[in-house]
Amino acid sequence: MTRCAVYGNGSWGTAFAMVLADAGCEVVLWGRRAELADAVNRTHVNPAYLPGVRLPETITATSDPAAAAAGAEFAVLAVPSQTLRGNLAAWAPLLEPDAVLVSLMKGVELGTAKRMSEVIAEVADAGPERVAVVSGPNLAGEIANRQPAASVVACADEDVAKRLQAACHTGYFRPYTNTDVVGCELGGAVKNVIALAVGMADGMGLGDNTKASLITRGLAETSRLGRAFGADPYTFAGLAGMGDLVATCSSPLSRNHTFGINLGRGMTLAEAVAATSQTAEGVKSCESVLDLARRSGVEMPITEAVVDVVHNGKPTGRVVKELMSRSAKAERR
């Protein structure tokens, strides 16, 4: 039986642990709070993040990172993206030397503008054959209820991607392999930013034309950024691109979309943060995505507008007018 460690017992980490267990793996779920680990072991429910969802008995929980790492073939990382570097520095010495490090995170690191796989490779001194990512329309609440979903598992080494695919393939979770790690990660990171923009439009009471325009032009921004870093353009037409973007921009289960709605209704950043129980990755990653774009000379006006609202305090109505008044151009630019 394949042994997997999942570091991060939030809703997505717990849901993916369930997928791994349903696929036949033995899973250890790590979280900081010993009392929450005890509750999972005692009741087979994560009361803090997935209340009411019974977890398979092949999942055990711990607050000891070494216990989670022991014998794990896959080490799945499901912590907020801006905490990855510090956490992984502590965990890396505990991991098996040939363990595959799997990122569930969808963000870009502040300050360095590095993708999560780049942070993993640097901190854990892991080659590309040991770093994989999972991306796609993966709303944790739906997957935890075993509703059908598809996703992408990406690794530069196709054989490793196939091993991960086998480890998480169930009757309700269908993973496809890909070797385009860059494209899958950028699709996952930027869609959170676009979901904030779509949420703001919803909060302002704007209609479906506005939201469809933001989603479509947001995909264009993502594709431009991906091309600058050598991503396969077909990736953005697939599950890790358009699929993830549509789900995150349209679902009430999306944290980023909900956060954007609150901003569009006039909440301040502090008020929106207070109203959000879990991390909305786009709130911080919008700055690092824009930083990455500027470093590579890529124009991303929607991302820039989101940063203006979220971090520069610019009114949403003013940002909409500025976006609409930009100079006209051909669509494929």
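The values are calculated or read from the model by the stated rules, or taken from the named source; none is laboratory data. Everything numeric in this text was worked out from a predicted model, so none of it was measured. We place every Cβ from the backbone using ideal geometry, glycine too, and count neighbours over all the protein chains shown.
Leu206 satisfies every condition listed in (1) among the aliphatic types (A, V, I, L, M); (2) surrounded by fewer than 22 Cβ atoms within 10 Å (Cβ to Cβ); (3) part of a strand (DSSP E or B) except (3).
Rundown of residues vs (1) surrounded by fewer than 16 Cβ atoms within 10 Å (Cβ to Cβ); (2) among the aliphatic types (A, V, I, L, M); (3) over 21 Å from Glu109 (Cα atoms), yes/no style:
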{"residue": "Glu221", "(1), (2), (3)": "no, no, no"}
{"residue": "Leu225", "(1), (2), (3)": "no, yes, no"}
{"residue": "Ala240", "(1), (2), (3)": "no, yes, no"}
{"residue": "Leu253", "(1), (2), (3)": "yes, yes, yes"}
{"residue": "Asn256", "(1), (2), (3)": "no, no, no"}
{"residue": "Leu263", "(1), (2), (3)": "no, yes, yes"}
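If the condition is being surrounded by fewer than 16 Cβ atoms within 10 Å (Cβ to Cβ) and either among the basic types (Lys, Arg) or closer than 14 Å to Trp12 by Cβ (or both), then the range 43-62 contributes only Arg54.
Has the range 184-203 got at least one residue that is free of Cβ contacts under 8 Å to residues at least 40 places away in the same chain, within 19 Å of the chain's Cα centre (by Cα) and buried (at least 24 other Cβ atoms within 10 Å of the Cβ)? It would help to see each step written out before you state the result.
Initial filter on the range 184-203 (free of Cβ contacts under 8 Å to residues at least 40 places away in the same chain): none.
No: zero hits.
Pick from the range 286-303 the residues that are farther than 18 Å from Val319 by Cβ and in contact with a helix residue (DSSP H, G or I) (Cβ under 6 Å, 6 or more places away or on another chain): which of them is surrounded by the fewest Cβ atoms within 10 Å (Cβ to Cβ)? Here the answer is Ser296.
Just one of the listed residues (Arg217, Arg295) is of a type in the set (Lys, Arg) and closer than 22 Å to Met116 by Cα, and it is Arg295.
Which residue, of Val160, Val134, is under 26 Å from Ala99 (Cα atoms), assigned by TED's automatic domain parsing to the domain that holds Asn46, touching a Ser or Thr at 6+ places or on another chain (Cβ under 7 Å) and β-branched (Val, Ile, Thr)?
Selected residue: Val134, the only one of Val160, Val134 that is under 26 Å from Ala99 (Cα atoms), assigned by TED's automatic domain parsing to the domain that holds Asn46, touching a Ser or Thr at 6+ places or on another chain (Cβ under 7 Å) and β-branched (Val, Ile, Thr).
Restricting the range 221-258 to residues that are assigned to a helix (DSSP H, G or I) and among the charged types (D, E, K, R) leaves a set whose member that is farthest from Leu292 (Cα to Cα) is Arg255.
Can you find even one residue in the range 223-231 that is touching a helix residue (DSSP H, G or I) at 6+ places or on another chain (Cβ under 7 Å), of a type in the set (Ser, Thr, Tyr), touching a residue at least 12 places away in the same chain (Cβ under 8 Å) and closer than 19 Å to Arg255 by Cβ? Please lay out each step first, then the result.
Going through the range 223-231, the residues touching a helix residue (DSSP H, G or I) at 6+ places or on another chain (Cβ under 7 Å) turn out to be 223, 225-227, 229-231.
Right, trim to of a type in the set (Ser, Thr, Tyr) and you get 223.
Next, only the ones that are touching a residue at least 12 places away in the same chain (Cβ under 8 Å) stay: 223.
The next check asks that each one be closer than 19 Å to Arg255 by Cβ; those that pass are none.
Taking every residue of the range 223-231 in turn, none turns out to be touching a helix residue (DSSP H, G or I) at 6+ places or on another chain (Cβ under 7 Å), of a type in the set (Ser, Thr, Tyr), touching a residue at least 12 places away in the same chain (Cβ under 8 Å) and closer than 19 Å to Arg255 by Cβ.
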